[in-house]
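Structure first, commentary second.
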């Protein structure tokens, strides 16, 4: 048998979509919990990947699945409103972001999608509800949604409330990263500033490049809301926070399993 036939060695799988049926059944007996990241594509400063919200949530879900024995399900990147609660569309520095990204301003107009902001929000809530019901069909007792893009929390919570009222053999929870651990000064939130930069810097260092600010220490940052990441963010801050968040996610999943009649 050559090296290609042998593969590269056995690595624990945590992504549901990569598992064989017998692997799913065996793992589900131990900890029937789904961890699902919610995010999108949005400006996060010149130093961070535009997919920060989903990338951050995805990696946290994988770590929680690995620690608990549960499953990391595919991250939901699409479907969120594009005309509300979005840096490019509704913030005070939107025009500066649009200029740097070389976008056409007209594409962020309220009527561009043919649906109002409220209609888009209702669509997203319905989409999340559909995902939750799908998790029930896959025999997941617990579903932990991690809202990497903070505004998603309100819409996802509406879907969770409806789902939990209709289904008793599965229970769900939607939270932002700082909703999962016990209150701590080591976990916080912002937009592309100290906290989000530190999280992604630790979780996905390939998606953060602080060198873009070299020689620009006094320049006003565009689309960065919170403590200045040039001086306040660090990989160590990210590591401490991530450890607490993952523990909190696993704890919440266990609570949901028991509430749904499971044994964890």
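The values are calculated or read from the model by the stated rules, or taken from the named source; none is laboratory data. The shown structure was predicted, so the numbers you read here are calculated from the model rather than taken from an experiment. Note that each Cβ is placed from the backbone with ideal geometry, even for glycine, and that neighbours are counted across all protein chains shown.
The conditions of being under 12 Å from the mean Cα position of the chain (by Cα) and either surrounded by fewer than 17 Cβ atoms within 10 Å (Cβ to Cβ) or at pLDDT 95 or above (or both) are met by residue 174. Count of the stretch 19-31 residues, restricted to those that are surrounded by fewer than 10 Cβ atoms within 10 Å (Cβ to Cβ) and in a helix (DSSP H, G or I), is 2. Looking across the stretch 205-264, the residues that are modelled with pLDDT under 95, under 30 Å from residue 168 (Cβ atoms) and surrounded by fewer than 15 Cβ atoms within 10 Å (Cβ to Cβ) come down to 261, 263.
Any idea which of 117, 159 is surrounded by 16 or more Cβ atoms within 10 Å (Cβ to Cβ) and either in contact with a helix residue (DSSP H, G or I) (Cβ under 7 Å, 6 or more places away or on another chain) or modelled with pLDDT of 95 or more (or both)? Show your work before the answer.
Details: 117 fails: either in contact with a helix residue (DSSP H, G or I) (Cβ under 7 Å, 6 or more places away or on another chain) or modelled with pLDDT of 95 or more (or both).
Answer to the check: 159.
Checking each residue in the stretch 158-190 for being farther than 13 Å from residue 241 by Cβ and touching a strand residue (DSSP E or B) at 6+ places or on another chain (Cβ under 7 Å) picks out 160, 163, 164, 170, 171, 172, 173, 174, 175.
Conditions (1) touching a residue at least 12 places away in the same chain (Cβ under 8 Å); (2) surrounded by 23 or more Cβ atoms within 10 Å (Cβ to Cβ); (3) touching a strand residue (DSSP E or B) at 6+ places or on another chain (Cβ under 9 Å); (4) part of a helix (DSSP H, G or I), marked per residue:
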{"position": "50", "(1), (2), (3), (4)": "no, no, no, no"}
{"position": "53", "(1), (2), (3), (4)": "yes, yes, yes, yes"}
{"position": "58", "(1), (2), (3), (4)": "yes, yes, yes, yes"}
{"position": "63", "(1), (2), (3), (4)": "yes, no, yes, yes"}
{"position": "67", "(1), (2), (3), (4)": "yes, no, no, yes"}
{"position": "83", "(1), (2), (3), (4)": "yes, no, no, no"}
{"position": "88", "(1), (2), (3), (4)": "yes, no, no, yes"}
{"position": "97", "(1), (2), (3), (4)": "yes, no, no, yes"}
{"position": "111", "(1), (2), (3), (4)": "no, no, no, no"}
